[in-house]
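This report concerns only the one structure given below.
The values are calculated or read from the model by the stated rules, or taken from the named source; none is laboratory data. Since this is a predicted model, take the numbers as computed values, not measurements. Reconstructed Cβ throughout: ideal geometry from the backbone, glycine too, with neighbour counts over all protein chains shown.
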Amino acid sequence: MTALRLAAVDPTNSGFDALIVGVSTRKRDAKLDIAASTGLGHAERKRILAGLVQVGAKPKAGTVTKLPGVSGIDAPLLICVVIGATEEEATLEQLRQAAGAATLAADGAAKIAVVMPGNSPAVVAASAQGALLGAYRFESFRGVGTKKPAKAPASITMLTDAFDDRHVREALRQAEIVAHEVWFARDLVNAPPSALHPQELAEAAVAQVAGLEVETEILDEVALKEGKYGGILAVGQGSINPPRLVRLAYRPARSTIHIALVGKGITFDSGGLSLKPPTSMETMKCDMGGAAAVIAATAAIAKLGLPAKVTTYAACAENMPSGTAQRPGDVLTTLGGTTVEVLNTDAEGRLVLADALVRAGQDEPDVIIDVATLTGAQMVALGNRVSAVMSNSDDLRDDVVRSAEMVGEQFWPMPLPPELRESLDSPIADLANIGGRVGGMLTAGLFLQEFVDPQTPWAHLDIAGPAFNDTQPHDYTPKGGTGVAVRTLVQLVKDLADAASK
């Protein structure tokens, strides 16, 4: 895993394979500029800008230009990235994206140094986190046919005149913890379904929090049957790989709030007997992205020592067609006794979440947050980079959006229209698992709301599109698993704990 370090700015340091330089724009004419706050000397800045002009670099945000060495700088490769704003107007997210775009393009460099404008703890931490997120590589399943595997760099060193400031060092430590947990979530999502069944996902969750102040429990198929977890069992009964329910409990000595996190962990979704088209299955290893997010966030929260009790549930199953699979028309009984008529076996995520939400509520948390790659309707409504948030509390919904904005993730508030609820009525059971054709994302949220105590603030995060990038990499986002929601969850828990302490 890439190490993150701090050091003083020294362009003559010959210990780096590549130097990343954040390039600003001038306010008066929008031409490229390198701020003095990068710590680079006037002569070095002038030579770099001359090189950029010579190769025709444009002042477009995210543009990466490689220069093969510049006089006065010992690094053999310069990677210049355009921030897309002046030094004074650059946002933390612009700095994250710029640093990430540069490290994403830095294949082959084992030791990377980064200079970006600004020396405040928040600025250095944002640049560092972006650089780490962009440095992620998933090469675990490459074979002997790969001539030059794209390995992650061994180290990234942030060069800043504030390298010995304790506040900068602490901000960097926190940024590193969260970024590495995003890496972990990406690894889980990228793992092929042949290597990550419900059992392996459960074991990975326990291993990730080993040595931390986190209690762990895994319910196997026998315990799930004894506990009457009808939703998880029904979804998993068609697979040779039985389901699991993971429980993680972080209990710090000082806590101001108790938050439950619930994640959908469908390790592969074929649609069951309501079989998906073949092309729609190609990325369905990502259907456990919600579970990956809550597991990784819990590990980060414990490592950061946030003053909040966190109880996390990852509902893990594989949705497969077979002679033992649940059928359209079946009626199942979820934990707590609510019956559900299954009209479409491809609407399975809400069934495992139903059990997990009821179980989470039994712990009597102050807040419940669930995260799931739940509906294709989310992608139709918001695309592949914006997630949805629905809630029974306007305040909590706004808290999620605000926390997401702080860390650079996009969540859009969506309603839970009561008039759509009747579309979930069943003539033979308490609920049907799908509603009408329109508003599918919203009816899925309304279904989940049935399994939450109305007195408990609850938010549902639908990350179906943003959880997996099946197009080209962009900013600090690689192709494949993105680890979306990890940063938002960590920030949200911190913000809710801070608010509860006042």
Exercise for review: Could you tell me which of the residues LEU52, LEU6, LEU19 is in contact with a Phe, Trp or Tyr (Cβ under 8 Å, 6 or more places away or on another chain) and not in a loop (DSSP other than H, G, I, E, B)?
Suggested key: LEU6
Practice item. Evaluate region 139-153: report whether one residue or more is within 20 Å of ASN469 (Cβ to Cβ), aromatic (Phe, Trp, Tyr), touching a strand residue (DSSP E or B) at 6+ places or on another chain (Cβ under 9 Å) and not assigned by TED's automatic domain parsing to the domain that holds ALA195. Key: no
Study note, to complete from the structure: Subset of region 454-469, residues in a loop (DSSP other than H, G, I, E, B) and either in contact with a helix residue (DSSP H, G or I) (Cβ under 9 Å, 6 or more places away or on another chain) or under 19 Å from TRP412 (Cα atoms) (or both), comes to THR456, PRO457, ILE463, ALA464, GLY465, PRO466, ALA467
**Study point:** Subset of region 469-480 (residues that are in contact (Cβ under 8 Å) with a residue 60 or more places away in the chain, of a type outside the set (D, E, K, R) and within 17 Å of THR103 (Cβ to Cβ))
**Key:** ASN469, PRO473, HIS474, TYR476, THR477, PRO478, GLY480
Point to revise | Scan of region 1-41 for residues that are surrounded by fewer than 17 Cβ atoms within 10 Å (Cβ to Cβ), farther than 25 Å from GLY108 by Cβ and touching a helix residue (DSSP H, G or I) at 6+ places or on another chain (Cβ under 8 Å), ordered by number | key: ALA36
Check your understanding: Before we move on, is ARG350 free of Cβ contacts under 8 Å to residues at least 60 places away in the same chain and assigned by TED's automatic domain parsing to the domain that holds MET288?
Key -> no
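Here's the yes/no breakdown for (1) more than 25 Å from the chain's Cα centre (by Cα); (2) more than 17 Å from ASP287 (Cβ to Cβ); (3) at pLDDT 95 or above:
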residue: ALA207; (1), (2), (3): no, yes, yes
residue: GLY211; (1), (2), (3): no, yes, yes
residue: ASP220; (1), (2), (3): yes, yes, yes
residue: LEU224; (1), (2), (3): yes, yes, yes
residue: PRO243; (1), (2), (3): no, no, yes
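To keep it simple, each residue is scored yes or no on (1) modelled with pLDDT of 95 or more; (2) farther than 19 Å from LEU6 by Cα; (3) of a type in the set (Ser, Thr, Tyr).
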{"site": "ALA113", "(1), (2), (3)": "yes, no, no"}
{"site": "PRO117", "(1), (2), (3)": "yes, no, no"}
{"site": "SER120", "(1), (2), (3)": "yes, no, yes"}
{"site": "LEU132", "(1), (2), (3)": "yes, no, no"}
{"site": "PHE138", "(1), (2), (3)": "no, yes, no"}
Review point. Does LEU201 count as closer than 21 Å to ARG350 by Cα, in contact (Cβ under 8 Å) with a residue 40 or more places away in the chain and assigned by TED's automatic domain parsing to the domain that holds VAL493?
Key: yes
Check your understanding: Here are some residues: GLN97, GLN129. Which one is over 24 Å from GLY15 (Cβ atoms) and part of a helix (DSSP H, G or I)?
Key -> GLN97
Practice item. Quickly run through region 24-49 and pick out the residues that are without any contact (Cβ under 8 Å) to a residue 12 or more places away in the chain and assigned to a helix (DSSP H, G or I). Key: ALA36, HIS42, ARG45, LYS46
Review point. Which residues, counting only those in region 97-129, are touching a Leu at 6+ places or on another chain (Cβ under 6 Å), of a type outside the set (A, V, I, L, M, F, W, C) and either within 19 Å of GLY39 (Cβ to Cβ) or surrounded by fewer than 22 Cβ atoms within 10 Å (Cβ to Cβ) (or both)?
Key: SER127
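Listed here are the residues, each with its yes/no results for (1) in contact with an Asp or Glu (Cβ under 7 Å, 6 or more places away or on another chain); (2) surrounded by fewer than 22 Cβ atoms within 10 Å (Cβ to Cβ); (3) within 21 Å of THR477 (Cα to Cα).
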{"position": "ALA354", "(1), (2), (3)": "no, no, no"}
{"position": "ARG359", "(1), (2), (3)": "no, no, no"}
{"position": "ILE368", "(1), (2), (3)": "no, no, no"}
{"position": "ALA377", "(1), (2), (3)": "no, yes, no"}
{"position": "ASN384", "(1), (2), (3)": "no, yes, yes"}
Practice item. Assess whether ALA101 counts as being within 20 Å of ALA61 (Cβ to Cβ) and modelled with pLDDT under 95. Key: no
Point to revise | Elements of type strands (runs of 3 or more DSSP E) in region 254-334, at least 2 residues being buried (at least 24 other Cβ atoms within 10 Å of the Cβ) | key: 258-269, 309-319
Check your understanding: Taking the condition assigned by TED's automatic domain parsing to the domain that holds ALA36, aliphatic (A, V, I, L, M) and either under 23 Å from ALA300 (Cβ atoms) or more than 22 Å from the chain's Cα centre (by Cα) (or both), does ALA171 pass?
Key -> no
Review point. How many of the residues making up region 28-68 are in contact with a strand residue (DSSP E or B) (Cβ under 7 Å, 6 or more places away or on another chain), at pLDDT below 95 and at positive phi?
Key: 1
